[in-house]
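One structure is given here, and the rest of the page talks about it.
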Amino acid sequence: MNRPDDARLRQQAKPIICYDVDCVPRRDAKWLETWRSSLRVVDSVMVPPREASTFRVPAGYGFRIISVEGPQVGDLNLWNSENLSERFFSGKTRQLHATHLTRGDRLWTSIPGIRAMATITHDTLEWYGWDADGGGVHDVIGTRCDPYTNRLLKGVDYHHCCHSNLTRAMVSELGRSIQDVEPLIHDVLNVFMCTGFTHDTHQYFMKASPVRPGDYLEFLADIPLLGALSACPGGDCGSSHSDDETPCYPLQIDILAPSDEVLEDFQPESPNAYDRSHGL
């Protein structure tokens, strides 16, 4: 490897944060407090181990993903329930916030919508922060475990990777073929998953999640949502992955309704105002 004479000087360039996060639109904090205090559970969905379940959330309502029996990671997909082509954009969410999300961060939709689709309103694992390995919780850097990568690396077919779980759940929800549904599955929010990049080789790592029964991640639906959540076959993602050996547990999704008075003051997020002319 040829190293230029000014290599060290080039490496000393100062990093610049790409996006001014202070400009990211946010909900009024006092309104969110009132919204949270008025919530009541109106429905619950159980996600079995190594499976996925779907759920719907009207705009202005909320939902909680809850650990109920043991440490378990979940892979979350979200769509605009009125237009499935608008879906969660993990890459843009990562750019606008960070590699891992917590209270106050928002989940953003794909181009051309580019609007907040959900806001994290409470996180019982917010205390975790960053550990000595550089790990954090609720990442938007991993994609989802899938049978194609598993086949590539292990040479076997495994049908309960999160990608397959989400596909089956959406086939059941929409009543459409696998061929129609699979392209809808997208990169996830890894709920409760503890991940990071190694200090030496900068490789993506996972470690046992700190989640325990009773912990939850809570969201406000900024637009009408269709969601699908997979209870990952990796369990707490502290050992093996994409097999039937790791202990796995169910996850619970509670759908939350605010009071009618609070809902009257709610306005869904509007699609991005860019005129889409692209200079033509």
*Filtering the range 142-159 down to residues that are of a type in the set (D, E, K, R) and closer than 20 Å to L189 by Cα, which residue is surrounded by the most Cβ atoms within 10 Å (Cβ to Cβ)?*
R144
*Residue selected from the range 183-209 under the condition touching a Cys at 6+ places or on another chain (Cβ under 6 Å) and surrounded by 19 or more Cβ atoms within 10 Å (Cβ to Cβ), by the criterion farthest from R103 (Cα to Cα)*: M206
*Being closer than 15 Å to T93 by Cβ and of a type outside the set (A, V, I, L, M, F, W, C) is the filter here, so list the residues in the range 124-143 that pass it.*
G136, H138, D139, G142, T143
_Residue under question is V171, and the condition is that it be touching a helix residue (DSSP H, G or I) at 6+ places or on another chain (Cβ under 6 Å) and within 30 Å of A29 (Cα to Cα); does it hold?_
no
*Of the residues in the range 94-118, how many are over 15 Å from Y216 (Cβ atoms) and surrounded by fewer than 22 Cβ atoms within 10 Å (Cβ to Cβ)?*
13
*Do we find a residue being over 30 Å from W31 (Cα atoms), free of Cβ contacts under 8 Å to residues at least 24 places away in the same chain and out of contact with any Ser or Thr (no Cβ under 7 Å at 6 or more places or on another chain) anywhere in the range 234-251?*
yes
*Name the pairs whose Cβ atoms lie under 7 Å apart, with the first residue in the range 126-151 and assigned to a strand (DSSP E or B), the second surrounded by fewer than 14 Cβ atoms within 10 Å (Cβ to Cβ) and aromatic (F, W, Y), and 6 or more positions between them or separate chains?*
G136/W130
*Do the conditions hold for V181, that is, is it in contact with a helix residue (DSSP H, G or I) (Cβ under 8 Å, 6 or more places away or on another chain) and free of Cβ contacts under 8 Å to residues at least 60 places away in the same chain?*
yes
*Tally time: how many residues in the range 42-68 are surrounded by fewer than 19 Cβ atoms within 10 Å (Cβ to Cβ), of a type in the set (A, V, I, L, M, F, W, C) and assigned to a strand (DSSP E or B)?*
3
*asked:* Can you pull out every residue in the range 249-280 that is under 15 Å from I65 (Cβ atoms) and in a loop (DSSP other than H, G, I, E, B)?
replied: Y249, P250
*Is it the case that G234 is assigned to a loop (DSSP other than H, G, I, E, B), of a type outside the set (A, V, I, L, M) and crowded, with 18+ Cβ neighbours inside 10 Å?*
yes
*Go through the range 69-116 and count every residue that is assigned to a strand (DSSP E or B) and β-branched (V, I, T).*
1
_Pairs please, first residue from the range 112-125 and in contact (Cβ under 8 Å) with a residue 24 or more places away in the chain and on the phi > 0 side of the Ramachandran plot, second anywhere and surrounded by 21 or more Cβ atoms within 10 Å (Cβ to Cβ) and assigned to a strand (DSSP E or B), Cβ atoms under 9 Å, 6+ apart in sequence or on different chains._
I114/W108
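Taken together, the values in this text are just the output of simple stated rules run on the coordinates, not laboratory data. Predicted model only: the values in this text are computed from it and were never measured. Note: ideal-geometry Cβ built from the backbone for every residue, glycine included; neighbour counts use all protein chains shown.
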